Amino acid sequence: MAEDASETPAWRQPLDTIVSARHGGQTSALLTQLKQLDTTYPNVAEISFQIAWTLDSMGRDEQALPHFERAIALGLSPNEQSNALIALAICQRNLGQTAAAAATLESGQAQFPDQAEFDAYLALLRHDQGRHTEALQLALTTLLDTSEDLGITAHQRNLRHFLNQLT
């Protein structure tokens, strides 16, 4: 029998329980539980995302990477999708895959144009790539576009003038 769209999926409660227990610091045991849940309910984006997040928090970027990719491909809620894209890009960057990380962040910019965090992470990545002027331009543009600081807004015109002179 097909599950009613208004019903909570059977995997939701166990996943929420596992994620809630994560605050206790039992990450390895929780990872095992998440993998078991993934076996029981394959192809659930949220489970893949939580496996990736857990592996990432353990410093296991190489293992987290395919789980982030899978979660993104399966489709997440907009908030989780945004967070997954950033986490994937960070893993890629940590693994030296700067071109892939840039493509991931640029995809995030396109999907979430109002979320300045993609610009901030891309500015850091551009710096890592040795593209220092581009990194500074992106970071400063992001600051000028998003800041409500009175000093920044008061000097915005001059700052934009100097920004346009960067080469």
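The values are calculated or read from the model by the stated rules, or taken from the named source; none is laboratory data. Here the structure is a predicted model, which means the values were calculated and not measured. Here Cβ is always computed from backbone atoms with ideal geometry, including for glycine, and neighbour counts include all displayed protein chains.
Can you name the condition, by its number, that Arg60 falls short on among (1) more than 22 Å from Leu95 (Cβ to Cβ); (2) free of Cβ contacts under 8 Å to residues at least 24 places away in the same chain; (3) charged (D, E, K, R)?
(1)
Looking only at the range 69-76, decide whether some residue is within 23 Å of Leu30 (Cα to Cα), modelled with pLDDT of 95 or more and among the charged types (D, E, K, R).
yes
Among the residues of the range 17-39, is any assigned to a helix (DSSP H, G or I), in contact (Cβ under 8 Å) with a residue 24 or more places away in the chain and of a type in the set (S, T, N, Q)?
yes
Here is a check on your reading of the model: is Glu80 surrounded by fewer than 20 Cβ atoms within 10 Å (Cβ to Cβ), of a type in the set (Asp, Glu) and more than 15 Å from Asp16 (Cβ to Cβ)?
no
Let me confirm something: among Ile90, Ile86, which residue is touching a Gly at 6+ places or on another chain (Cβ under 9 Å), closer than 28 Å to Val44 by Cα, in contact (Cβ under 8 Å) with a residue 12 or more places away in the chain and not basic (Lys, Arg)?
Ile86
Which residue out of Arg157, Arg131 is more than 22 Å from Ala64 (Cα to Cα) and surrounded by 14 or more Cβ atoms within 10 Å (Cβ to Cβ)?
Arg131
Going through the range 37-61 one residue at a time, which ones are among the small types (Gly, Ala, Ser) and either buried (at least 22 other Cβ atoms within 10 Å of the Cβ) or modelled with pLDDT of 95 or more (or both)?
Residues satisfying the conditions are Ala45, Ser48, Ala52.
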